[in-house]
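Notes for the one structure printed next.
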Amino acid sequence: MGTGGCAAAVAPWVWKPREEALLAAVAAPLVIPPVGDPDAALLRDRAREIAPGVDLVLLERKMRAALEESGGVGLAAPQVGVSVRAILVMLDARGEAPRTIWCVNPRIVRRSDALQDDIEGCLSIPDVSGLVRRNLELRVAWCDGEQDVELDVSGFDARIFQHEIDHLDGVLFTDRLVGPPASTAALRPLREELQRRREQGLVGDVLTPDQIADLWTAAASTDRLP
Ligand SMILES: [Zn+2]
């Protein structure tokens, strides 16, 4: 049973040959293969804890470049073919001052009982979006150099942490859908319609099956507007 954090791994650290090759190609951008591609098979594996003192500068730099290129709000190392427990999370992604943090051996320390539904997509599953139920608030911890740090997050920040940490455990958001899968083109209309309904007090944090069906219908008709 791993304790996570800075002092987790016991075995001597080794990169796998494929990981070493990806990192050695310093100038080559990291690729995010889609689910179904043989290179994406490791998305179903549990990623390895990172030992203290491992040099991650290059992995972080290359993952930051890949995330920026993708336009996404979070990225986990297994998505770029490196099966280790490291993620990037954009905090305040929908706000005024978004910033992307690098988290090694991240883990969820505490979860709120309160849940919230929202529409998610994934850089590894380019064609699909859908409604996922997540804990509204979390306390997360990770290793920052030599030290464990903890942070309380809520809403969309908490959602991104849950989505990215799921990747480290071989779980995809499509495993957690609470409604029908939708196309990626429908992601924005669904999310905006959900937001509108929430602001109007028509739906709460958690949707009933009827409200989900209704949301899909409404977003589809919004989508057809010129
Ligand atoms: Zn993802």
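In the chain, which longest range has no trypsin sites (Lys or Arg not before Pro) that are both DSSP loop (not H, G, I, E or B) and surrounded by at most 14 other Cβ atoms within 10 Å?
95-223
Scan the stretch 38-112 for GluC sites (Glu not before Pro) in coil per DSSP, keeping those whose Cβ has at most 10 other Cβ atoms within 10 Å, and list them by number.
Those satisfying the criteria are 96.
Net charge within 12 Å of residue 15 by Cβ-Cβ distance, Lys/Arg positive one each and Asp/Glu negative one each, not counting residue 15 itself?
Overall, the nearby charge balance is 0.
For residue 92 and residue 57, calculate 0.36 nm times their separation in residues minus their Cα-Cα distance, and state this gained length in nm to one decimal.
10.2 nm
Given Cα pairs under 8 Å that are at least 6 residues apart, what percent is the relative contact order of the chain?
Over the chain, the number comes to 20 percent.
Under 5 Å between amide H atoms, partner at least 5 residues away or on a different chain: which partners does residue 129 have, H built in plane at 1.01 Å?
182, 183, 184
How high is the FRET efficiency from residue 18 to residue 188, r the C-beta distance, R0 25 Å, rounded to 0.05?
E between residue 18 and residue 188, to the nearest 0.05, is 0.10.
With both bridge residues required to lie in the chain, what share of the DSSP beta bridges run antiparallel, to the nearest 5%?
Among the beta bridges of the chain, antiparallel pairing accounts for roughly 95 percent.
Quick one: grab the alpha carbon gyration tensor of the stretch 38-173, order the square roots of its eigenvalues as a ≥ b ≥ c, and give me rounded if a/c is under 1.5, else prolate or oblate depending on whether a/b is larger than b/c.
Rounded, because the longest to shortest axis ratio a/c is under 1.5.
Quick one: net charge around residue 88, please, counting Lys, Arg +1 and Asp, Glu -1 for every other residue with C-beta under 10 Å from its C-beta.
Neighbour charge sum, excluding residue 88 itself: -2.
For the chain, what does the helix formula give at 222 nm: sum of -39500 (n - 2.57) over DSSP H segments with n ≥ 4, over the residue count, nearest 500 deg cm²/dmol?
-9000 deg cm²/dmol
Where does helix 57-70 land angle-wise versus the long Cα axis of the chain, in degrees 0 to 90, nearest 10?
20 degrees
Where nothing but the Cβ of Lys and Arg (+1) and of Asp and Glu (-1) is charged, how large is the charge dipole of the chain around its Cα centre, in debye to the nearest 20?
180 debye
Every number here is computed from the coordinates shown, using simple stated rules; none is lab data. Note that the structure is predicted; figures quoted are calculated from it, not measured. For neighbour counting, all protein chains shown are included, and Cβ atoms are generated from backbone atoms with ideal geometry for every residue, glycine included.
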